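Data first, discussion second: the structure below is written as structure tokens.
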Amino acid sequence: MCSVLGVNKSSFYAWMNRSESKRAKENALLKKEISAIHQAHNRVYGIRKVTHELRRRGKLVTHKRVARLMKKLGLYSKIR
């Protein structure tokens with residue numbers, strides 16, 4: 001497989017054994033918090049309100065990051 005991809009074996013195994021990045025760990029925690037906020041507000045909160053709630057809780061996030069994570073989770077706001 002390494003020869004097909006043009007990658008050294010040592011590089012491949014180094015990549016496989018690498019620990020999760022800081023950003024990936026933060027995203028995992030944010031996903032849990034976003035899901036909890038969305039669920040607590042009867043799935044009505046959208047990107048902007050979830051972002052505002054996270055900022056109120058002291059998290060420094062942008063609405064674009066929240067949008068990307070909500071999309072990955074399949075969370076959408078209800079239209080009234």
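Take the solvent-accessible surface of the protein heavy atoms, probe 1.4 Å, and return the percent of it on region 1-62 that carbon and sulfur atoms account for. Don't skip to the answer; put the middle values down first.
Values: 2680 of 4980 Å².
Its accessible area is 54 percent carbon and sulfur atoms.
When averaged across all projection directions, what area in nm² does the alpha-carbon convex hull of the chain cover?
On the way: hull surface 29.1 nm².
Value for the chain: 7.3 nm².
Under the definition of Cα pairs under 8 Å and six or more residues apart, what whole-number percent is the relative contact order of the chain? Let's see the in-between values first.
On the way: 46 pairs, mean separation 21.9, N = 80.
Contact order relative to length: 27 percent.
Which lysines does Lys32 reach when only Cα atoms under 21 Å apart count, and residues fewer than 8 places away in its own chain are ignored?
Lys22, Lys49, Lys59, Lys64, Lys71, Lys72, Lys78
With every protein chain left in place, what is the accessible area per residue of the chain in square angstrom, probe 1.4 Å?
Values: 6510 Å² over 80 residues.
Value returned for the chain: 81 Å² of accessible area per residue.
The values are calculated or read from the model by the stated rules, or taken from the named source; none is laboratory data. Keep in mind it's a predicted model, so treat the numbers as computed, not measured. Ligands, DNA and RNA are stripped out before the accessible areas are found, and what is left, the full protein with its side chains, is counted by its heavy atoms. Shrake-Rupley method; radii C 1.70, N 1.55, O 1.52, S 1.80 Å.
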